[in-house]
1. Anything in region 319-343 that is surrounded by 20 or more Cβ atoms within 10 Å (Cβ to Cβ) and touching a residue at least 60 places away in the same chain (Cβ under 8 Å)? List them, or say none.
2. Consider region 317-343. How many of its residues are within 21 Å of the chain's Cα centre (by Cα) and of a type outside the set (A, V, I, L, M, F, W, C)?
3. For GLY316, are the conditions met, namely being buried (at least 24 other Cβ atoms within 10 Å of the Cβ) and farther than 22 Å from ARG152 by Cβ?
4. Somewhere in region 363-385, is a residue open to solvent by 30 Å² or more (accessible area, probe 1.4 Å) and within 21 Å of GLY338 (Cβ to Cβ)?
5. Search region 427-451 for residues that are assigned by the TED database to the domain that holds ASN350 and pair each with any residue that is surrounded by 13 or more Cβ atoms within 10 Å (Cβ to Cβ) and part of a loop (DSSP other than H, G, I, E, B) when their beta-carbon atoms are under 7 Å apart and the residues are at least 6 apart or on different chains.
6. What are the pairs with Cβ atoms under 6 angstrom where one residue, in region 63-81, is of a type in the set (A, V, I, L, M) and the other, located anywhere, is open to solvent by 30 Å² or more (accessible area, probe 1.4 Å)? Sequence gap at least six, or different chains.
Amino acid sequence: MSTARKLSAAEKIGFGMGDAACGIVYSSVTMFLTYFYTDIYGLSAAAVGIMFLVTRVLDAITDPLTGLVADRVHTRWGHFRPWLIWFAIPYAVLAVLTFSTPDFGESGKLLYAYITYTLLMLCYTFINIPYCALGGVITTDEKDRLSAQSYRFTISSLAGLVVSVATLFLVDWLGKENKQFGFQATMAIMGTLAVIMLFFCFFSTSERVRPKVETNSSMMDDLRILLANDQWRIVAVITFFSSMAGVMRSAATLYYATYLMLGGIESAAGTAMKSAFVSTSVVGTIIGSIAAGYLAQRYRAVSLFKNINLLLVVIGVVMFFVPPTWLAVVFPLYFLVGFFHQMYQPFKWNMMANAADYGEWKFGRRITGLSFSGNLFALKMGMAVAGAFVGFSLGWFGYQAGNPTQTTLATNGIIGLLTIGPSISYLVLYWLSRFYILDDKMMNQIQRDLAHREQVEEINTPAVTPALISTGANNHG
C-alpha cells in the first residue's frame, strides 16, 4: 500500500543529505583524483586512463546485481534505507585509503590504486543505488517527487561547493609541503562528514511506496521486464551521455586551471584562483538546482530538458574559442555550464522514477531497485568511458605532469576536453529527449491507473495477506 502524503521540508532536506554524503566523496574523485594520480602519486596519464576504464566497468557490472538484491531485502526500515548505514563507515575509510600514497614501487603503486579505487566505487554502489531507489518510493506524487529531487541536487551541490572551495586549501594547510598527507587528511574530514549525513538521511526519511512481495519472480524475469521497458532504455542512454559530459569536464578542469590559466605556476595565489574557478561552476550548480524546482512548477519538464542541453552545446563551443587567460569571460561561462548542467539533473532523475512507474504500469511489476541500478550502471559506464578518454587523450596529446610549458597540442587538447567533448554529449542528449514520452499528462494517467489497480487488489486480497506484506514495510522504529 502506498500513500501520496506531501513530503515535509525536513524529509526533503534529509533525503538531500544522502546525496550530499555520496557527492562529498564522489566530487573529490571527479575533481581531483585524476590530477592526484598523475601529479601527486606519480602514475602516468595512460595508466590512469586504463585503470579508470577497467575499474569502472567492473564497478558498473555490480550495479544491476545490487539493485536486484536491494529489491529483495526486507527489513523493518524498508528495502533501501538500511544500506545507507551498513556501508557508511567503510565508505569513509576507503575514501582515505584511495587518496593515500604508499611507496610500493611503480607496479605496487598502480596495484594499490586499482584495489583501493575499485573498493571505494563498490562501496559507493552499495550506498548510492539503494539511495537513488529511495527517491522513487518516498511518495507517489510526481510533482512532490520532483521537488525532493530539486532539494537533493541543491544540497548535493552545496556539498560539492565545500569540496571545491575547501579541498586545495585543506591540502596545503594540513599537508604543508607534503601534499600526499594533505590529501589523505582532507579525505578523512570529507569521509567523516559523509558518515554523519548518511545517518541523518536514514533517520529522517521514510519508504511509502511498498511493492508487492513476489514469491515466484526470478532475477532473470526482473531483467527481462527491465530491458523490455522502452522508456527505461532511453533514460539509461541519457544517463550515460550526461555522465560522460560531467566527468570529462570535471577531470579536465584542474589541468585547464593549472596549466592554461596559471601557466603551471604553483603559489598561494594560484591555489586561490584554482579553487575559485572550480567553485564558480559549483556555485552555478547550486543556483541551477534551485531554479529547476521553480521552473518545474511552471513549464513542461521535457521541453526544459531539451532546451537546457541545447544551451550547453552553445556555451561549450563558445568557451572553446575563448583564451583561458581571459578570466573575465571564462569565469562567467564556466558558471553558466554549472548552472545549466545541474538544472536538468532533477529532471533526469525524475525521468528514472517515471520510467519505474511506467514499467509497473505496463508490465504489472515494480522493480525500483533494479530500475535505478540499471541507470547507475549506465552512469558508471559513462564515468568509465569519460575517465579513460581523458587519460588516453592526455597521453596522446603529449601532456607532461608538472611541466609549466605544455605543447600546443596538449593545450588545445585540454581545452577540447573541457568544452567540445561535453558539448557533443549534450547534443546527443538533446536528440535523445525526442523519444521520451512520459510527460505530465501521461504520468497523471499512469498514476491514476496504478492507484485504481491497487484499490482493486486490496478488495480482492485475503485479509491475512497485508499482515504478511507488512514485514517489509518501513517505519522509523
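1. Those that are surrounded by 20 or more Cβ atoms within 10 Å (Cβ to Cβ) and touching a residue at least 60 places away in the same chain (Cβ under 8 Å): MET319, PRO324, VAL330, VAL337, HIS341, GLN342.
2. Counting residues in region 317-343 that are within 21 Å of the chain's Cα centre (by Cα) and of a type outside the set (A, V, I, L, M, F, W, C) gives 4.
3. Answer is yes for this residue.
4. If we filter region 363-385 for residues that are open to solvent by 30 Å² or more (accessible area, probe 1.4 Å), which is where we start, we get 363-365, 377, 381, 385.
Then keep just the ones that are within 21 Å of GLY338 (Cβ to Cβ); that gives none.
Within region 363-385, none of the residues are open to solvent by 30 Å² or more (accessible area, probe 1.4 Å) and within 21 Å of GLY338 (Cβ to Cβ).
5. ASP439/ARG300; ASP440/ARG300; GLN447/THR140
6. Qualifying pairs under 6 Å: LEU68/MET219.
The values are calculated or read from the model by the stated rules, or taken from the named source; none is laboratory data. Since the structure is predicted, the reported quantities are computational estimates derived from the model, not experimental observations. Heads up, the Cβs are rebuilt from the backbone with ideal geometry, glycines too, and the neighbour counts pull from every protein chain shown. Accessible surface is based on the protein model in full, side chains and every heavy atom, while ligands, DNA and RNA are left aside. Shrake-Rupley method; radii C 1.70, N 1.55, O 1.52, S 1.80 Å.
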